[in-house]
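All remarks here apply to the structure that follows.
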Amino acid sequence: MNRKVTKYKRIGVFTSGGDAPGMNAAIRAVVRTGINYGAEMYGIMRGYDGMIKGDIKKLISKDVSGIIQRGGTILQSARSEDFKTVEGRKQAFESLEKFKIEALIAIGGDGTFTGAKIFTEEFGVPIIGIPGTIDNDLYGSDTTIGYDTAMNTVMESVDKLKDTAGSHNRLFFVEVMGRDAGFIALNTGIATGAEDILIPETTTNIEDLVISLKENKRKGKTSAIIIVAEGDDLGGAYEVAQKVKALDSSYSTRVSVLGHIQRGGSPSVADRVLASRLGFEAVEALYLGYSGVMAGMVNGRVGYTPFEKSIKHHNDIDKDLLRMARFLSI
Ligand code: F6P
């Protein structure tokens, strides 16, 4: 962690990777905190892509009014292949020099911070990260911006699927996002009373799943919901459904992949407050001389975690919660 107290005159902000509800609230907080510190604020479009192309515009306070309640990101987002090359990063640095931008706030997930770490090391541009991803898969923050809203979206959808599952005596496999992390699956599974929850952090045993479904049937349950994280070791919901069918074809089975609907929508109270706090704290951290760290909430207090650590690890899944969910869904 590099600490050197500086007074920045021009700060850039960008969103990168998958969009997440609450990113706009974070942009608003960053821009307005910077303005309070007397800085000129610049929005970089489409993450590293816009930085390379010099697609950068000045943001005044009015530019971020009326966005706290909006999903998506007014700065748009992208996953840049060019930024993975030295040439791309050099072009990005030249764009920043052209606009006299001295420091950056990066809002995104692990890919965003991987790029930020290399960039700050290569060119010495101070960068503070803000965790913005629905996956909640970053170490150094109790939760990430967008996670709460995404879970509420999943919960509302599964509640609806439960109505139709019950009406038709069906077995539903519902796929939720989470390439490497099962946070969304685990907590929405608990919140919706799902019969089982399959996540990447645990080994899924298909025989055990079939046995527990049979047991449910024996007890008189006529429908069931299985939440499957997209990154489960047995595959996504379609693959799992096929494997269950191969062992027991007695179910009327349906698969529902919730997909990108989970990334949209107006942010929840929790995400708006988290985004506002972290946006504010990230700019304060810059002025305190921090760089190369992600601002996060750790046990309810603001903390700073070096990019490397935030990317390499993620918070552990509480396996007891999985056990609890199974106890409660008999
Ligand atoms: O933002 C992370 C994430 O939601 C993952 O859970 C998912 O696998 C991925 O985005 C899909 O993103 P895209 O379609 O934008 O590549």
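The values are calculated or read from the model by the stated rules, or taken from the named source; none is laboratory data. Everything quoted here is computed from the prediction, not taken from an experiment. Backbone-built Cβ (ideal geometry, glycine too); neighbour counts: all protein chains shown. For accessibility, only protein heavy atoms count, side chains too; no ligands or nucleic acids. Shrake-Rupley method; radii C 1.70, N 1.55, O 1.52, S 1.80 Å.
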Karplus (6.51, -1.76, 1.60) ³J(HN,Hα), θ = phi - 60°, over the stretch 243-256, in Hz, Gly and Pro reported as x: 5, 5, 4, 5, 8, 8, 9, 7, 8, 8, 10, 9, 10, 10
For residue 258, residues with placed amide H under 5 Å, excluding near neighbours: 175
Angle between the chain longest axis and helix 319-328 axis [Cα atoms, degrees, rounded to 10]: 40
With Cα atoms, 0 to 90° folded angle of helix 110-123 axis to the chain main axis: 20
Rounded to 10°, Cα long-axis angle of helix 269-287 versus longest principal axis of the chain: 30
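If you keep only loop residues by DSSP, which trypsin sites (Lys or Arg not before Pro) in the stretch 230-330 have at most 16 other Cβ atoms within 10 Å of their Cβ?
The qualifying sites: there are none.
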Surface/4 estimate of mean projected area, convex hull on alpha-carbon atoms of the chain, nm²: 16.5
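How large is Rg over Rh for the stretch 249-330, taking Rg from the Cα atoms and Rh as the Kirkwood inverse mean of 1/r across Cα pairs?
Numbers: Rg = 19.1 Å, Rh = 16.8 Å.
A ratio of 1.14.
Using a probe of 1.4 angstrom, how much of the accessible area of the stretch 148-263 is carbon and sulfur, in percent? Don't skip to the end; give the middle numbers.
On the way: 2540 of 5130 Å².
Answer for the stretch 148-263: carbon and sulfur cover 50 percent of the accessible area.
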Added length on full extension, which subtracts the Cα-Cα distance from 0.36 nm per residue, residue 327 to residue 299: 7.3 nm
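What's the FRET efficiency of residue 121 with residue 164 using the Cβ-Cβ distance as r and R₀ = 45 Å, to the nearest 0.05? Don't skip to the answer; put the middle values down first.
Values: r = 52 Å, r/R0 = 1.16.
The pair residue 121/residue 164 has a calculated efficiency of 0.30.
Summing Lys, Arg as +1 and Asp, Glu as -1, what charge do residues with Cβ under 12 Å from the Cβ of residue 22 carry, residue 22 excluded?
Values: positive: 28, 70, 263, 272, 277; negative: 19, 148, 271.
Here the charged neighbours net out to +2.
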Entries in 58/309; 221/243; 7/57 that, when Cα-Cα distance is taken, lie over 25 Å: 58/309
Residue 208-residue 261 pseudo-label distance in nm [points 7 Å out on the Cα-to-Cβ vector]: 3.0
GluC sites (Glu not before Pro) lying in DSSP loop within the stretch 29-125, provided at most 15 other Cβ fall within 10 Å: 81
Proximal aspartates and glutamates relative to residue 219, as straight alpha-carbon distance under 20 Å, when same-chain residues fewer than 8 apart are discounted: 163, 195, 196, 207, 208, 248
Zone residues, the stretch 102-117, relative to residue 6, backbone N less than 16 Å from point 7 Å out along Cα-to-Cβ: 102-106, 116-117
FRET efficiency, 1/(1 + (r/R0)^6) with R0 41 Å, evaluated for residue 288 and residue 221 via beta carbons: 0.15
Most positive-pole-ward Cα, 73, 324, 250, against dipole of the chain from beta carbon charges: 73
Shape metrics for the stretch 148-263, restricted to C-alpha atoms - Rg then Dmax, Å: 12.9, 38
Residue-averaged [θ]222 nm for the chain, counting only DSSP H segments that reach four residues, each worth -39500 (n - 2.57): -13000 deg cm²/dmol
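Could you sort out which of 162/319; 162/217; 90/312; 53/98 sit more than 21 Å apart by Cα distance in this structure? Spell out each step's value before the answer.
Numbers: 162/319 25 Å; 162/217 16 Å; 90/312 25 Å; 53/98 11 Å.
Violating the 21 Å limit, Cα to Cα: 162/319; 90/312.
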